[in-house]
Every structure is written in C-alpha cells, then in structure tokens.
Amino acid sequence: MWLEIAEQITKVTGKSFEVQQHRSVGGGCINQGYSITDGARTYFVKLNQASQLEMFEAEALGLQQMYDTQSIRVPQPLCCGMSDRNSYIVMEWLEFGRADNAAWEEMGRKLAQMHAYPSPNGKFGWERNNTIGSTPQVNAWMDNWSEFFAEQRIGYQIRLAKRRGGSFPDTNATIAAIQEVLADWQPSPSLVHGDLWSGNAACTAAGEPAILDPATYWGDREVDLAMTELFGGFPAAFYRGYNAVFPLNEGYQRRKTLYNLYHILNHFNLFGGGYESQARRMLDDVLR
Ligand code: ADP
C-alpha cells in the first residue's frame, strides 16, 4: 500500500517519492493518521476502509477550495485513492505549535477573509454531498438559506434521530417553523469550514493559524462562528480578529443556538445519550 501511495505522490508532484518511514499519528476521531517521509519531504496520510473513499474525495475537494481562496492556511491536498482494501488521502504535512493571542487574532482575520470570498453562483450547497463526523451531509444547491438549513441540515438530522429512537416533534412542522425563524434572514453564501470546533483549529510551529478536517459547503458564515462557541468558545482574540475584518450581523446571537442545534442533533446520531434532551431543549429555545 505505501508503495502505491508513494507512486501516486510521485505522479501528482512530478518528483520521485519513496517512503522511507511511516509513523502513526494519533488524535483523529474517524481515520488512522500517518506521517510519511522520504527523508526530505513529509506528508500527512489518513486511512480508512475502502468504502470511505468518497469521504476522502470530498475532504480533498473542500481543502482545495479553501486553499484556493488564499485566505486561511489549510493543508493542501495532494491525492486520494484506494490501495490494499484501504482508502487514503494524502495532504501537506503541517508541523503544529502553540497558538498565542496574536495567532488566534490572525485566525479570526483569516477566517473572515475566507468567508468574504465571493460565491460562484449565489446559491447555498456544494458540488457534492460530504460528511459531518461520519454522518452524511446533504448539499443539494438551493437559492434560499432558510429552506436549505431547515431541510438539509435540521430536517435531515431529525429524521435520522427519530430512526435512532429519539423523540422529537413532527419533522415537517419543525422544518416549517425553522424556516419561519430564518424567514427575514438572507445571508450571502460563504465558503464555510462546517465543523469548526477547537480540535480542527491549530497553529503551525511558525505561528501561522490553520484549520483542518472540514465539512465544507457554501452557507451562512455564522455557522462557523456558532460552532466555535459550542464547546466553550475560542479565545476572545479570535472574535476580535474576525469582527475587525467582517463584523457579525445583528441577530447572530439569536441564530447561534439554531445553528448549533445541527451539531447537537448530529452528536445524538453519532453518540446517543444526553444529546437527545440537549437537542430538544435547544429546539424549544429556538422555536419559543
Ligand atoms: P480525523 O479525520 O480522523 O478526525 P483529523 O483530520 O482531525 O482526523 O486529524 C487527526 C490529527 O492528526 C489532528 O488532530 C492533528 O493532530 C493531526 N493532523 C491532521 N492534519 C495534519 C496535517 N496536515 N499535518 C500534520 N498533522 C495533521
């Protein structure tokens, strides 16, 4: 397998690459991570079962689109494929270090720049479906954000949650009520990271902020900000940097709970347990 991956790297970079060493890297939630090196060049590789190739293809496309905005640093994807009954993705290796306040502020500024990047078609969605954690995330293009978020984000997760045995109000009525909550809100589509918790935000050893492991699509930029606040919040410097470049709109505080409801429903679908009652409380809050 490493031989085939090396051949693929040689092909896409046009420079001969032979794996001298591969080393397992911990910390991933879903995949096995490795560093591979020929002594001079090092890459980051993630492996999973063959059936997960589409997930890696979507990750590579998301990373490439974020990379192309030339705003915040992301690992540049090189290739993905299948070998020895494994699927794999290869990307640029980033050496991580500690983030200080200046790096967090810069991360806010750079994320805001990515969010300000113009959309190709003014629609919400993406070229393909991807995953959030390991749950499918549906990205069919839509003109209207309230419809997109109510149906393809909340409605989709509530249907899954009910199949899992969760008890939630009628799905169609909930979708309609959420569309109502967002009725007056017409954001411009931004390229969003889509899964921006602290585990997916880091700083390189050179002090440059970077984001990883995205669930990219064109959506309301507030979804990324909301998620940064979901598990305790990023340092204040991050929000200072963000607002200096692209100030948040009024009403964000009200929408934040709705946007994070998506991730809590997804947590229930992935992990079960207390996330069900948390999601129900959030839904009550949003629809009150
Ligand atoms: P998973 O898809 O399994 O959740 P992640 O993409 O979050 O995996 O990566 C798992 C860990 O591997 C990260 O927390 C980070 O420490 C390390 N990592 C991720 N991307 C890179 C990279 N490009 N270079 C070096 N290390 C990385």
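ASP220: charged (D, E, K, R) and within 16 Å of the ligand (Cβ to nearest atom), yes or no?
Values: charged (D, E, K, R): yes; within 16 Å of the ligand (Cβ to nearest atom): no.
So ASP220 does not fit the description; no.
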Self-check item: Where a residue in the range 16-34 is charged (D, E, K, R) and its partner, wherever it lies, is within 13 Å of the ligand (Cβ to nearest atom) and in a strand (DSSP E or B), with Cβ under 6 Å and at least six apart
Solution: ARG23/SER35
Practice problem: State yes or no: is GLU208 acidic (Asp, Glu), away from the ligand (no atom under 13 Å from the Cβ) and either on the phi > 0 side of the Ramachandran plot or assigned by TED's automatic domain parsing to the domain that holds PHE271 (or both)? | Solution: no
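Is it the case that the range 60-80 has a residue that's over 24 Å from THR204 (Cα atoms) and over 18 Å from the mean Cα position of the chain (by Cα)?
Filtering the range 60-80 for residues over 24 Å from THR204 (Cα atoms) gives none.
No; the residues of the range 60-80 include none that is over 24 Å from THR204 (Cα atoms) and over 18 Å from the mean Cα position of the chain (by Cα).
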Quiz prompt | Out of ARG73, ARG85, ARG41, sole residue that is under 23 Å from THR13 (Cβ atoms) and free of Cβ contacts under 8 Å to residues at least 40 places away in the same chain | solution = ARG41
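For (1) within 18 Å of the chain's Cα centre (by Cα); (2) at pLDDT 95 or above; (3) over 20 Å from GLN52 (Cα atoms), each residue gets a yes or a no:
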site: VAL90; (1), (2), (3): yes, yes, no
site: GLU95; (1), (2), (3): no, yes, yes
site: ASN101; (1), (2), (3): no, yes, yes
site: GLU106; (1), (2), (3): no, yes, yes
site: LEU111; (1), (2), (3): yes, yes, yes
site: PRO118; (1), (2), (3): no, yes, yes
site: SER134; (1), (2), (3): yes, no, no
site: MET142; (1), (2), (3): no, yes, yes
site: GLU147; (1), (2), (3): no, yes, yes
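Go through the range 90-109 and count every residue that is within 28 Å of THR13 (Cβ to Cβ) and touching a Pro at 6+ places or on another chain (Cβ under 6 Å). Before you say what the answer is, go through the steps one by one.
Just the residues of the range 90-109 that are within 28 Å of THR13 (Cβ to Cβ), to begin with: 90-97.
Those still in the list that are touching a Pro at 6+ places or on another chain (Cβ under 6 Å) too: 91-92, 94.
Residues in the range 90-109 being within 28 Å of THR13 (Cβ to Cβ) and touching a Pro at 6+ places or on another chain (Cβ under 6 Å): 3 in total.
Among the residues of the range 269-288, which ones are out of contact with any strand residue (DSSP E or B) (no Cβ under 7 Å at 6 or more places or on another chain), in contact (Cβ under 8 Å) with a residue 40 or more places away in the chain and among the hydrophobic types (A, V, I, L, M, F, W, C)? Before you say what the answer is, go through the steps one by one.
Within the range 269-288, the first condition is being out of contact with any strand residue (DSSP E or B) (no Cβ under 7 Å at 6 or more places or on another chain), and the residues that meet it are 271-288.
Cutting the leftovers down to in contact (Cβ under 8 Å) with a residue 40 or more places away in the chain gives us 272, 276, 279-280, 283, 286-287.
Within the range 269-288, ALA279, LEU283, VAL286, LEU287 qualify.
Per-residue answers, yes or no, for (1) surrounded by 14 or more Cβ atoms within 10 Å (Cβ to Cβ); (2) among the polar types (S, T, N, Q); (3) modelled with pLDDT of 95 or more:
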| site | (1), (2), (3) |
| --- | --- |
| ASN172 | no, yes, yes |
| ILE175 | yes, no, yes |
| ALA205 | no, no, yes |
| ALA210 | yes, no, yes |
| ALA215 | yes, no, yes |
| ASP220 | yes, no, yes |
| ARG280 | yes, no, yes |
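Taking into account only those residues within the range 230-253 that are in a helix (DSSP H, G or I) and aliphatic (A, V, I, L, M), which is nearest to the chain's Cα centre (by Cα)? Steps first, answer last, please.
Narrowing the range 230-253 to residues in a helix (DSSP H, G or I): 230, 236-245, 252-253.
Imposing the further condition that a residue be aliphatic (A, V, I, L, M) reduces the set to 230, 236-237, 244-245.
Working: LEU230: 14, ALA236: 21, ALA237: 21, ALA244: 23, VAL245: 21 Å.
Out of the qualifying residues, it is LEU230.
Would you pick out the residues in the range 69-87 that are under 21 Å from GLY199 (Cβ atoms), within 13 Å of the ligand (Cβ to nearest atom) and surrounded by 15 or more Cβ atoms within 10 Å (Cβ to Cβ)? Full working, then the answer.
Of the range 69-87, the ones under 21 Å from GLY199 (Cβ atoms) are 71-77.
Next, only the ones that are within 13 Å of the ligand (Cβ to nearest atom) stay: 73-77.
Scanning the range 69-87 gives ARG73, VAL74, PRO75, PRO77.
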Quiz prompt | Tabulated pairs, the range 167-192, first hydrophobic (A, V, I, L, M, F, W, C), second surrounded by 12 or more Cβ atoms within 10 Å (Cβ to Cβ) and in a strand (DSSP E or B), C-beta under 9 angstrom, 6+ apart or interchain | solution = LEU191/TYR217; LEU191/TRP218; LEU191/GLY219; VAL192/TYR217; VAL192/TRP218; VAL192/GLY219
Quiz prompt | Conditions (1) away from the ligand (no atom under 14 Å from the Cβ); (2) modelled with pLDDT of 95 or more; (3) surrounded by 14 or more Cβ atoms within 10 Å (Cβ to Cβ): number failed by GLY39 | solution = (3)
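Can you work out which of the residues in the range 69-99 that are in contact with a strand residue (DSSP E or B) (Cβ under 8 Å, 6 or more places away or on another chain) and among the acidic types (Asp, Glu) is farthest from GLN32 (Cα to Cα)? Steps first, please.
The initial filter retains those residues of the range 69-99 that are in contact with a strand residue (DSSP E or B) (Cβ under 8 Å, 6 or more places away or on another chain), namely 69, 72-82, 85-99.
Next, only the ones that are among the acidic types (Asp, Glu) stay: 92, 95.
Details: GLU92: 16, GLU95: 18 Å.
That would be GLU95.
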Quiz item: Restricting the range 15-36 to residues that are out of contact with any strand residue (DSSP E or B) (no Cβ under 8 Å at 6 or more places or on another chain) and farther than 15 Å from GLU92 by Cα, which is nearest to the ligand (Cβ to nearest atom)?
Solution: CYS29
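The values are calculated or read from the model by the stated rules, or taken from the named source; none is laboratory data. All figures in this text were calculated on a predicted structure; none of them were measured in a lab. Glycine also receives a Cβ, built like all others from the backbone with ideal geometry; neighbour counts cover every protein chain displayed.
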